[in-house]
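Data first, discussion second: the structure below is written as structure tokens.
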Amino acid sequence: MNNVPQHIAIIMDGNGRWAKARHLPRLAGHREGANAVKRTIEAAAQQGIRFITLYAFSTENWSRPQDEINGLMDLLCKTLDSYTGEAQQKNYRLLVSGSRAKLPPTVLEKIDKAVQTTAQNTGLTVNLALNYGARQELVHAVNTLLAQGKSEISMDDISAHLYQPTVPDPELIIRTSGEERLSNFLLWQAAYSEFYFTPVLWPDFNAQELQKALDAYATRTRRFGGV
Ligand code: IPE
Ligand code: IPE
Ligand code: MG
């Protein structure tokens, strides 16, 4: 099967339930989730995937307890510290999709540094959806166009003013943990995406689970409204 998507997007869900099942704090699930991120990036690169968008923190996730939010931000900084060197060696490029508002300055510094360091890399593009909401992204696009003085907006205009306009729409969207919803993820870009839902919790996701999703994708017939 050589029908490999160019862009996959993943809603990495189930960290809390993974921890709960082990009588561990939720943050232990997030920590193991960070390891799954590294594994999955490696596996995606091996498969020849060109773009991977990872939903790491939604605009709605600010409603979580403050200590969980702090733990997640801290983990993000540590993961960027420990992984950017390796990503650089492997020629991965980091992009970030989302709003900078509300993100702590330490997080902004780390992501800016990682994005700058990897900007010229030509391998897999890792697009981190961080403080991301799809409705907010669309409002941001429209407001940018209004500020340019546009009075009529085309579909191409909107596509060109999303957070990362150079990233193509994902052919495949994966969600782990058995939940089957978008949770404010890529509403515009998902218009013709294929969906793959798995009960596997994100900390248990690995190359084999990615292969299952890719195998399922390869059997799909994408009609785009045709026959
Ligand atoms: C996904 O895991 C990680 C984030 C949303 C940051 P959850 O933390 O949502 O895990 P569950 O859904 O509670 O199991
Ligand atoms: C979606 O997961 C957001 C991320 C994976 C970052 P949530 O766990 O926040 O979604 P809901 O609340 O179950 O819809
Ligand atoms: Mg969840």
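The values are calculated or read from the model by the stated rules, or taken from the named source; none is laboratory data. Everything quoted here is computed from the prediction, not taken from an experiment. Every residue, glycine among them, receives a Cβ derived from its backbone with ideal geometry; neighbour counts consider all protein chains shown.
Brief remarks on what is shown
- Filtered residues of the range 36-58 (kept if in a strand (DSSP E or B) and within 15 Å of ligand 1 (Cβ to nearest atom)): 53, 54, 55, 56, 57, 58
- Any chance residue 35 is under 30 Å from residue 220 (Cβ atoms), modelled with pLDDT of 95 or more and within 15 Å of ligand 3 (Cβ to nearest atom): no
- Counting only helices (runs of 4 or more DSSP H) that fall entirely inside the range 105-210 and contain at least 1 residues that are modelled with pLDDT of 95 or more and within 16 Å of ligand 1 (Cβ to nearest atom), the qualifying elements are 105-118, 134-147.
- Filtered residues of the range 157-168 (kept if within 16 Å of residue 192 (Cβ to Cβ) and surrounded by fewer than 17 Cβ atoms within 10 Å (Cβ to Cβ)): 159, 168
- One residue from 3, 61 being in a helix (DSSP H, G or I) and more than 18 Å from residue 84 (Cα to Cα): 61
- Scanning the range 6-19 for residues that are in a helix (DSSP H, G or I) and either within 12 Å of residue 175 (Cβ to Cβ) or within 7 Å of ligand 1 (Cβ to nearest atom) (or both) turns up 15, 16, 17, 18.
Yes/no matrix, rows are residues, columns are (1) basic (Lys, Arg); (2) at pLDDT 95 or above; (3) surrounded by fewer than 19 Cβ atoms within 10 Å (Cβ to Cβ):
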{"position": "2", "(1), (2), (3)": "no, no, yes"}
{"position": "22", "(1), (2), (3)": "yes, yes, yes"}
{"position": "42", "(1), (2), (3)": "no, yes, yes"}
{"position": "45", "(1), (2), (3)": "no, yes, yes"}
{"position": "52", "(1), (2), (3)": "no, yes, no"}
{"position": "56", "(1), (2), (3)": "no, yes, no"}
{"position": "70", "(1), (2), (3)": "no, yes, yes"}
{"position": "95", "(1), (2), (3)": "no, yes, no"}
